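Enquirer: Got a structure for you, questions after.
The values are calculated or read from the model by the stated rules, or taken from the named source; none is laboratory data. Since this is a predicted model, take the numbers as computed values, not measurements. Please note: Cβ atoms are built from the backbone with ideal geometry, for glycine as well, and neighbour counts cover all protein chains shown.
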Amino acid sequence: MSNLDSLDKIVSLAKARGFIFQSSEIYGGLSAVYDYGPLGVELKRNIRDAWWKEMTRRHDNIVGVDAAIFMHPKVWEASGHVGGFNDPMIDDKQSKKRYRADMLIEQHIHKLEKKFVDDFFDFVNDSNKIKTEKYRKIIADVVSSIEEKVSQVQESYQDSSGVENEVMVSSFNQINKQLKEVDAEFPHPEKFVNQLNEIIGLYYNLLTAGSRKSLTEDLYEIIMENEIRAPESGAFDWTEVRQFNLMFKTQFGSTSTDEDGVYLRPETAQGIFVNYKNVMDTSRTTIPFGIAQTGKAFRNEVVARQFVFRMREFEQMEMQYFVKPGTDEEEYEKWLEKRLEWHKFMGIREENLRTAPHPEDKLAHYARAAADIQYKYPIGWQEVEGIHNRTDFDLTQHAEFSGKKLDYFDQKNQERFVPYVIETSVGLDRLTLMVLCDAYREEEVDGDTRTVLKMNPKLAPTQVGIFPLIKKDKLQDLAHKIEKDLREEFSVLYDDSGSIGKRYRRQDEAGTPFCVTVDFDGVESEGEDTVTIRYRDDMSQERVPVSKLAEVIRDGMKDWKPE
Ligand code: GAP
């Protein structure tokens with residue numbers, strides 16, 4: 001995990017240093033929409049450029065497109081988004097607030113879990129009731145098992161893919177069994193067994209919602225049976241559960257009939273599918289080949305908290321790799337591994353990354369196999385990127401809805417087929433958040449706390465800070481000359497205000513890997529001018545000739561490794 005136990009410090013630093021601001025903040029903000037400030041825009045651009053270089057320039061068979069955000073409404077019928085891109089919602093009639101029904105049930109379960117743990121600890125701590133060594137031992141085992149499971153539950157339930165839920169349910173069964181053993185000789189634990197049964201039962205009902213009646217009916221029934229109240233108003237006055245489409249719809253053209261409605265794209269991928277034929281016809285590509293794209297996507301997320309992790313307007317970077325059916329499984333594995341390696345290559349610490357395959361019954365409607373690349377954010381393990389084997393679903397759908405042929409003729413083998421697609425899809429905002437979280441450190445330095453962003457120097461918004469020690473012409477002139485010389489190759493910042501210590505700390509918080517200080521010793525001594533270069537990560541300093549500065553910085557960038 002990063003040094004952080006919540007996103008709060010990142011949110012404050014992001015605002016204070018000019019990385020990320022709430023959108024329309026002076027009007028009270030717009031929920032789940034964010035603006036990138038001067039440092040944020042550079043960081044985001046560097047990450048985007050690094051992705052683009054990796055996905056296109058490093059491959060001779062991957063090309064780019066930049067499709068429009070508006071697309072023909074039929075695209076979204078073909079893709080399944082009109083029919084299936086829904087969340088189950090329920091409204092509190094009293095407060096008129098809308099909640100995601102499954103999340104509401106999850107929150108209720110969390111409350112029960114907390115109560116269970118509190119009650120159990122109260123009971124255990126009442127030493128009068130624990131009479132013999134044997135009981136103490138059994139109880140101690142149960143407690144440590146519960147502690148472990150509760151933290152697993154918290155992690156896995158932050159993971160909306162539900163990947164770990166089965167592990168969690170079987171763990172609860174284990175605790176249940178242990179408690180029953182206690183029950184045999186000890187008069188009180190039925191209460192705990194009952195509490196656990198209720199929790200496990202609810203988890204089970206939630207996980208299997210949609211298998212008894214429809215999803216909406218099953219979720220509604222759980223809410224009713226458990227008398228789950230609205231978190232804010234406390235009322236138990238619900239509407240039915242209804243499916244709520246996540247796409248934003250707007251009017252196109254000057255009239256406003258329903259037929260003129262278009263959607264803001266909820267993913268960039270469809271812009272690639274509808275251009276598959278254009279790209280094939282114009283770029284002389286042969287299968288396997290890929291099309292990459294970066295751009296905005298929009299989703300009317302209902303539960304949109306957690307800063308730039310879940311936004312209503314966000315940026316995706318997607319690549320669709322078109323392959324011959326039969327080679328898809330191998331290509332899927334290859335891309336999953338490649339993409340995980342890229343995150344490490346970008347300097348994200350290995351222990352904070354993992355892959356999590358989706359269980360078969362949780363696959364999206366279009367996928368034959370899928371896995372998340374997850375990062376250990378301060379809010380738990382969460383998806384940063386998805387790798388999907390989308391089969392020929394999208395091209396087949398678009399061929400059917402558009403009436404155009406979207407197959408491929410393999411000249412060499414004289415065969416025709418609809419290509420399968422392996423998709424890599426990563427959120428740029430989530431990546432930016434990951435880079436910030438992984439870089440964040442607080443260190444004790446001379447009795448003070450130094451906040452520093454130890455990110456890959458290639459991604460840093462400012463790569464070199466240039467400081468004259470004091471405001472004297474001689475020092476300022478050389479500092480400006482260095483600024484001018486380095487500007488072509490690196491992103492630089494000239495700063496002559498405040499003490500040198502304060503300037504270093506400001507740049508530490510901005511993630512600037514190298515600071516160059518021009519002082520009298522370097523300018524007035526015999527021979528070539530020299531400056532001090534100060535390294536962000538270990539704060540070490542080195543005196544170097546001005547003529548060697550660019551080379552030293554270049555080497556420092558190349559050799560950088562995350563601590
Ligand atoms: N074309 C496939 C697709 O869109 P997805 O898992 O829905 O798949 C891919 O999204 C990536 O987009 C996610 O891994 C995540 O990084 C990013 N993403 C999705 N919804 C997001 C949101 N509301 N806010 C920020 N990023 C989001």
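Enquirer: Could you name every one of the strands (runs of 3 or more DSSP E) located completely within the range 1-110 that has at least 2 residues being hydrophobic (A, V, I, L, M, F, W, C)?
Expert: Fully inside the range 1-110 and qualifying: 20-22, 62-64, 86-91.
Enquirer: Name the residue that is farthest from Ile348 (Cα to Cα), counting only residues in the range 376-431 that are touching a strand residue (DSSP E or B) at 6+ places or on another chain (Cβ under 8 Å) and hydroxyl-bearing (Ser, Thr, Tyr).
Expert: So, considering only residues that are touching a strand residue (DSSP E or B) at 6+ places or on another chain (Cβ under 8 Å) and hydroxyl-bearing (Ser, Thr, Tyr), the one farthest from Ile348 (Cα to Cα) is Tyr408.
Enquirer: Okay, next question. Answer with yes or no whether Asn194 is surrounded by 14 or more Cβ atoms within 10 Å (Cβ to Cβ), over 22 Å from Phe85 (Cα atoms) and of a type outside the set (A, V, I, L, M).
Expert: No: the conditions fail for Asn194.
Enquirer: Suppose we filter the range 76-104 for residues that are over 24 Å from the mean Cα position of the chain (by Cα) and under 30 Å from Asp237 (Cβ atoms); how many remain?
Expert: Residues in the range 76-104 being over 24 Å from the mean Cα position of the chain (by Cα) and under 30 Å from Asp237 (Cβ atoms): 9 in total.
Enquirer: Could you pull out the residue among Lys471, Lys561 that is in contact (Cβ under 8 Å) with a residue 24 or more places away in the chain, basic (Lys, Arg) and within 26 Å of Phe345 (Cα to Cα)?
Expert: Of the residues listed, the single one that is in contact (Cβ under 8 Å) with a residue 24 or more places away in the chain, basic (Lys, Arg) and within 26 Å of Phe345 (Cα to Cα) is Lys561.
Enquirer: OK, next. Please work out if Asp496 is closer than 23 Å to Val452 by Cα and acidic (Asp, Glu).
Expert: Yes: the conditions hold for Asp496.
Enquirer: Hey, another quick one. Considering only residues that are touching a helix residue (DSSP H, G or I) at 6+ places or on another chain (Cβ under 8 Å) and hydrophobic (A, V, I, L, M, F, W, C), which ones fall in the range 231-240?
Expert: Hit for the range 231-240 is Trp238, nothing else.
Enquirer: Can you spot a residue in the range 148-163 that is assigned by TED's automatic domain parsing to the domain that holds Ile109, modelled with pLDDT of 75 or more and either of a type outside the set (S, T, N, Q) or in a helix (DSSP H, G or I) (or both)?
Expert: No.
Enquirer: Return yes or no: is Gly447 on the phi > 0 side of the Ramachandran plot and either of a type outside the set (Asp, Glu) or under 17 Å from the mean Cα position of the chain (by Cα) (or both)?
Expert: It is true that Gly447 is on the phi > 0 side of the Ramachandran plot and either of a type outside the set (Asp, Glu) or under 17 Å from the mean Cα position of the chain (by Cα) (or both).
Enquirer: Also: Would you confirm whether any residue within the range 381-388 is modelled with pLDDT of 95 or more and polar (S, T, N, Q)?
Expert: Scanning the range 381-388, I find no residue that is modelled with pLDDT of 95 or more and polar (S, T, N, Q), so the answer is no.
Enquirer: State the number of residues belonging to the range 496-543 that are in a loop (DSSP other than H, G, I, E, B), touching a residue at least 40 places away in the same chain (Cβ under 8 Å) and under 34 Å from the mean Cα position of the chain (by Cα).
Expert: 6
Enquirer: For the list (1) within 35 Å of the chain's Cα centre (by Cα); (2) closer than 25 Å to Arg284 by Cα, I need the number of the one condition that Lys412 fails.
Expert: Only one criterion is unmet by Lys412, namely (1).
Enquirer: Scan the range 337-364 residue by residue and report those that are free of Cβ contacts under 8 Å to residues at least 12 places away in the same chain and touching a Lys or Arg at 6+ places or on another chain (Cβ under 6 Å).
Expert: If the condition is that a residue be free of Cβ contacts under 8 Å to residues at least 12 places away in the same chain and touching a Lys or Arg at 6+ places or on another chain (Cβ under 6 Å), then Glu350 is the only one that fits.
Enquirer: Scan the range 1-32 residue by residue and report those that are of a type in the set (A, V, I, L, M) and surrounded by 16 or more Cβ atoms within 10 Å (Cβ to Cβ).
Expert: Leu4, Leu7, Ile10, Val11, Leu13, Ala14, Ile20, Ala32, listed by residue number.
Enquirer: May I ask you to list the residues in the range 42-61 that are surrounded by fewer than 20 Cβ atoms within 10 Å (Cβ to Cβ), of a type outside the set (Asp, Glu) and within 25 Å of the chain's Cα centre (by Cα)?
Expert: Arg45, Arg48, Ala50, Trp52, Lys53, Thr56, Arg57, Arg58
Enquirer: Among all residue pairs at least 6 apart or on different chains, which show Cβ distances below 6 Å where the first residue, located in the range 265-277, is under 13 Å from Met319 (Cα atoms) and the second is within 10 Å of the ligand (Cβ to nearest atom) and not hydroxyl-bearing (Ser, Thr, Tyr)?
Expert: Final answer for the pair search is Glu267/Ala297; Thr268/Ala297; Thr268/Gln316; Thr268/Glu318; Ala269/Glu318; Ile272/Gln320; Phe273/Asp394.
Enquirer: Could you check the range 269-296 and list, in sequence order, the residues that are more than 12 Å from Val75 (Cα to Cα), within 16 Å of the ligand (Cβ to nearest atom) and out of contact with any helix residue (DSSP H, G or I) (no Cβ under 9 Å at 6 or more places or on another chain)?
Expert: Hit for the range 269-296 is Lys296, nothing else.
Enquirer: Under 6 Å between Cβ atoms, at least 6 apart or on separate chains: pull out the pairs that start in the range 29-43 with a residue that is of a type in the set (Val, Ile, Thr) and end on any residue that is within 15 Å of the ligand (Cβ to nearest atom) and part of a loop (DSSP other than H, G, I, E, B).
Expert: Val33/Ser23; Val33/Arg312
Enquirer: Can you tell me which residue within the range 237-293, out of those that are out of contact with any Lys or Arg (no Cβ under 9 Å at 6 or more places or on another chain), at pLDDT 90 or above and part of a loop (DSSP other than H, G, I, E, B), is surrounded by the fewest Cβ atoms within 10 Å (Cβ to Cβ)?
Expert: Residue satisfying both the conditions and the ranking: Glu240.
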